[in-house]
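What follows is a short report on a single structure.
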């Protein structure tokens, strides 16, 4: 593709079903769970993207057998029953946050030295909270760069301690997810005590997936004594899993009992709700209708709330049943400005930002300070690019307020190598002429054929 992509305004409102590729969040979690399981798992609906390819390649470097056809969205993964087959590996994770975090924890189950590196942006993303938590589990992790940034070197001894493990969650809930997925293979029950503000959406996704794969996570109450403060490290090795008492667990703690195991299985990955948000937003902008099959009422993904809550509040008609989710935009194309805490569905905050200039009042996006540490500083990016388009924006540390725009100024939107900036700001061009997107290939991180599917709305 050329260095820019010119977005063509829609000649008419869409009235269509949109086929959305599989969820990145579910795909990368399913790959880890399948690798940890005992036996062969078959994954269907797998997302073919840069993030999933680096995960697959890294798992192969760690000695796991993965076969199949990504173009057909099908893979077979032979698990190693909680072990890491390779005695060391060098892994390159591009700018995939899920991959580096999940694999750092997975390497803690291995025996040997593992080095995890990534792109220039990845080398700016601190991983200190995960490093500190793993050190409490008996795993030595050091960062070669300052402030806990990659490259990371994991020295593992083939044993993961249980006990009470404190883990910070302010920067990312993925640190907690990484520990939850390896916790069943610890030497004793593991209680994960969360410091800071936890954004529960993706943690709930992890817990629900683990349950489907045969491992139960307890939260809110805990009748065991296996993880009192001080019971981490070698002292926990002789502790019997399942020892019980009546000590309550605060809601910010999660207990995973040792001895549970993930079950190999056939697993269907549902469409990506974050990717679907762009097509729902297209309906909202134009007064059209878009249905995404597979995002039914039993969806695992909290990002469906972008449609069911945020778009509904803006004046869209939203329906969801067992088959899928449908959004109809207001017939007059007039959206209401809203004020939303987007912390739980922050991947869709940029989608909301792209809609905001077309609303009839200000739109406030709040509680997404953590997105400044993602693929780019997403708050700074949304404010800079809306300003480039002639939109008034008031930036704050944790978000911004976006004012309605009488007109949109033609411009080339800079994307900062961030797939979500590119996909979100393309929506502006569906209503306003003269919008070009720089570095359009960056969408390959999660949605390689996004531009073709966007054009199919016409």
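The values are calculated or read from the model by the stated rules, or taken from the named source; none is laboratory data. Just so it is clear, the structure is predicted and the values come from calculations on it, not from any experiment. No Cβ is skipped: glycine too gets one built from the backbone with ideal geometry, and neighbour counts run over all protein chains shown.
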Among the candidates 275, 297, which residue alone is part of a loop (DSSP other than H, G, I, E, B), in the same structural domain as residue 16 (by TED's automatic domain parsing) and under 27 Å from residue 44 (Cβ atoms)? 297
Could you check, for segment 420-443, whether at least one of its residues is surrounded by fewer than 24 Cβ atoms within 10 Å (Cβ to Cβ) and under 18 Å from residue 273 (Cα atoms)? no
Subset of segment 24-64 (residues that are modelled with pLDDT of 95 or more and closer than 21 Å to residue 457 by Cβ): 47
Looking at segment 311-343, which of its residues are under 21 Å from the mean Cα position of the chain (by Cα), surrounded by 20 or more Cβ atoms within 10 Å (Cβ to Cβ) and more than 14 Å from residue 276 (Cα to Cα)? 340, 342, 343
For the condition closer than 22 Å to residue 119 by Cβ, part of a helix (DSSP H, G or I), at pLDDT 95 or above and in contact with a helix residue (DSSP H, G or I) (Cβ under 9 Å, 6 or more places away or on another chain), what is the one hit in 355, 350? 350
Count - residues of segment 393-411 that are touching a strand residue (DSSP E or B) at 6+ places or on another chain (Cβ under 8 Å) and either assigned to a strand (DSSP E or B) or not assigned by TED's automatic domain parsing to the domain that holds residue 335 (or both): 8
Which is in contact with a helix residue (DSSP H, G or I) (Cβ under 8 Å, 6 or more places away or on another chain), surrounded by 20 or more Cβ atoms within 10 Å (Cβ to Cβ) and assigned to a strand (DSSP E or B), of 75, 59, 47, 33? 75
Candidates 357, 362 - the one that is surrounded by fewer than 23 Cβ atoms within 10 Å (Cβ to Cβ) and touching a strand residue (DSSP E or B) at 6+ places or on another chain (Cβ under 9 Å): 362
Regarding segment 312-331, can at least one residue be identified that is in a helix (DSSP H, G or I) and in contact with a helix residue (DSSP H, G or I) (Cβ under 6 Å, 6 or more places away or on another chain)? no
In segment 194-245, what residues are in a helix (DSSP H, G or I), at pLDDT below 50 and in contact with a strand residue (DSSP E or B) (Cβ under 6 Å, 6 or more places away or on another chain)? 236
Give just the number: which of (1) outside the structural domain of residue 316 (by TED's automatic domain parsing); (2) in contact with a strand residue (DSSP E or B) (Cβ under 6 Å, 6 or more places away or on another chain); (3) within 30 Å of residue 285 (Cα to Cα) does residue 17 not satisfy? (1)
Quick one: in segment 385-404, of everything that is within 24 Å of the chain's Cα centre (by Cα) and farther than 16 Å from residue 423 by Cα, which residue is surrounded by the most Cβ atoms within 10 Å (Cβ to Cβ)? 399
Those residues of segment 143-168 which are under 17 Å from residue 93 (Cβ atoms) and in a strand (DSSP E or B) amount to 143, 152, 153, 154
Condition met for residue 133 (in contact (Cβ under 8 Å) with a residue 12 or more places away in the chain, buried (at least 18 other Cβ atoms within 10 Å of the Cβ) and not in a helix (DSSP H, G or I)): no
For residue 414, work out the one condition from (1) farther than 17 Å from residue 121 by Cβ; (2) touching a strand residue (DSSP E or B) at 6+ places or on another chain (Cβ under 7 Å) it doesn't fulfil. (1)
Given the residues 444, 390, 429, which is the only one that is part of a helix (DSSP H, G or I), touching a strand residue (DSSP E or B) at 6+ places or on another chain (Cβ under 9 Å) and not assigned by TED's automatic domain parsing to the domain that holds residue 28? 429
